[in-house]
1. In angstroms, what radius of gyration and Dmax does the chain have, counting Cα atoms only?
2. Place +1 on the Cβ of every Lys and Arg and -1 on the Cβ of every Asp and Glu in the stretch 121-226, take the dipole about the Cα centre, and give the residue among P222, N142, P191 whose Cα lies farthest towards its positive end.
3. Just need the relative contact order of the stretch 76-148 here, percent rounded to a whole number, with Cα pairs under 8 Å and 6+ apart.
4. Name the residues of the stretch 153-176 whose amide N is less than 18 Å from a point 7 angstrom out from the Cα of N94 along the C-beta direction?
5. If a paramagnetic tag sat 7 Å from the Cα of E44 along the Cα-Cβ line, which residues of the stretch 240-255 would have the backbone N under 15 Å from that point?
6. Using 7 Å Cα-to-Cβ label points, what is the N237/R171 separation (nm, one decimal)?
7. Report the trypsin sites (Lys or Arg not before Pro) located in the stretch 153-214 that are in a DSSP loop and have at most 14 other Cβ atoms inside 10 Å of their Cβ, or state none.
8. Per DSSP H run of n ≥ 4, the term is -39500 (n - 2.57); total these for the chain, divide by its residue number, and report the mean residue ellipticity at 222 nm rounded to 500 deg cm²/dmol.
Amino acid sequence: MNAQTIAGSPREVRELIRSNKWRGITSGVAPGHVQANLAILPKELAFDFLLFCQRNPKPCPLLEVIEPGKVEPAITAPGADIRTDAAGYRIYENGQLTAEVDTIERYWHDDLVSFLLGCSFSFETAMIDAGIPLRHQETGNNVSMFITNIATTPAGIFSGPMVVSMRPIKREQVVRAVQVTSRFPATHGAPVHIGSPQDIGIRDISKPDFGDPVEIKADEEPVFWACGVTPQAVALNCKPSLMITHTPGKMFITDQRDADYAVL
């Protein structure tokens, strides 16, 4: 079962994930619905991270903050369980990636605060509707993601480089891609960079730090959007005692509609 064969409402997809019947890349799954990056931290670090998100809305656009110990995203996905319903999780301890797991029930304790952050997978439906093809969906791969030399604005203990996602766009469609995605600031909005990967510290565009390599054809430009994997780069930099995240490309799918987050 792959992303192309997954159908159903967000709730039905989450049930497939929770029952361990499917745990793949979520790009193209539940089209038209908002997908979310995930960061879970101990309560004593939550205010610093909230401030970090407020100071860095491009890579970390807040959709919902779940109170300490609570597991239900009551605003964006009532009835869901944040411990089991993302397609994959990573455990960072003291700046080290120590585990990649299907559920986080064994890691859960009552002082954890969960943050749902907007994901660029959410505006991909609008891009396709505008006639802009997405190669990672066509090939069934994950989007390419890179750690850049773009610094985030520090807050408390949190600081580090911005992560970006890259999509090859035909040159004649770049302006349209900017127009389409700029309508979705809650899911990263307009690109942060176009072309010249080396200008943002990317030495080899064929070797992403997260996700899969994607071919860039002669008539295309690499276009880069701020990415909600940024907290994972920040965790490696700042070494919090614990940060639980989604696995890159394996998002939490909310009940919210993309269109409800669009601006004119």
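1. Cα only, the chain: 17.1, 52 Å (Rg, Dmax).
2. Selected residue: P191.
3. Across the stretch 76-148, relative contact order equals 17 percent.
4. No residues fall inside that zone.
5. Inside the label zone: 240-243.
6. 3.4 nm
7. Passing both the DSSP loop test and the Cβ count: R203.
8. -5000 deg cm²/dmol
None of the figures in this text is laboratory data; all of them are computed from the coordinates on show. Nothing here was measured: the structure is a model prediction, and the numbers come from that model. Positions of Cβ are generated from backbone atoms using ideal geometry, with glycine treated the same way; all protein chains shown enter the neighbour counts.
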